[in-house]
Amino acid sequence: MTQQSSGPTMPPPGAPQRTGWLRITLQGSPFTGSIITPTVRLNGQPVPASYGENLYPVVPGPWRVDVESRWLRTYGQATLDLSVREGETVPVYYAQPYHQFARGSLGLGRQRRPGTTGGVLLTVAFGLIFTLIIVLLGVLVALQLAQN
């Protein structure tokens, strides 16, 4: 899906139309990331974005790309400073973390989703706790039956 922004990234009317492009890909989907689309800011100004490819016309020069996700709180923050030349299309990729306690990943190539280790450790910890509770309940029931 390609989306063009006409917000603060366009040259002023009447100015020479020197243009570069930022192609920002928000990796994932509402099913693999968050139902709420990550927020994209170009030089501090929010721009419309959706999962997949987003194409923004920009004035050549230095740009700061900020992306963050939001669910119950803001998480997955990532920042990238880059320079766009006239006529150039700069590909930028953002990957949300697996959980809300990790930063996002933003770069010029496809990104891995951060937080894999933490997510696996949390899942294993909850699994062990659940198993321990079931075993303890089984032992307590067995002791209760043995007393009767």
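What follows draws every value from the coordinates through simple rules; no lab data is involved. Worth saying up front: this structure is predicted, and the values here are computed from it rather than measured. Glycine gets a Cβ as well: all are built from the backbone with ideal geometry, and neighbour counts include every protein chain shown.
Remarks
- Convex hull per residue volume in Å³, alpha carbons only, for the chain: 110 Å³
- Near VAL58, once Lys and Arg are set to +1 and Asp and Glu to -1 for all other residues with Cβ below 14 Å from its Cβ, the sum equals +2.
- Per-residue ellipticity at 222 nm computed for the chain from its helices equals -8000 deg cm²/dmol, with DSSP H segments shorter than 4 residues left out and the rest contributing -39,500 (n - 2.57).
- Computed on region 52-145, with alpha-carbon pairs under 8 angstrom and 6+ residues apart, the relative contact order is 19 percent.
- Over all pairs of different C-alpha atoms in region 87-131, the reciprocal of the mean inverse distance, the Kirkwood hydrodynamic radius, equals 12.2 Å.
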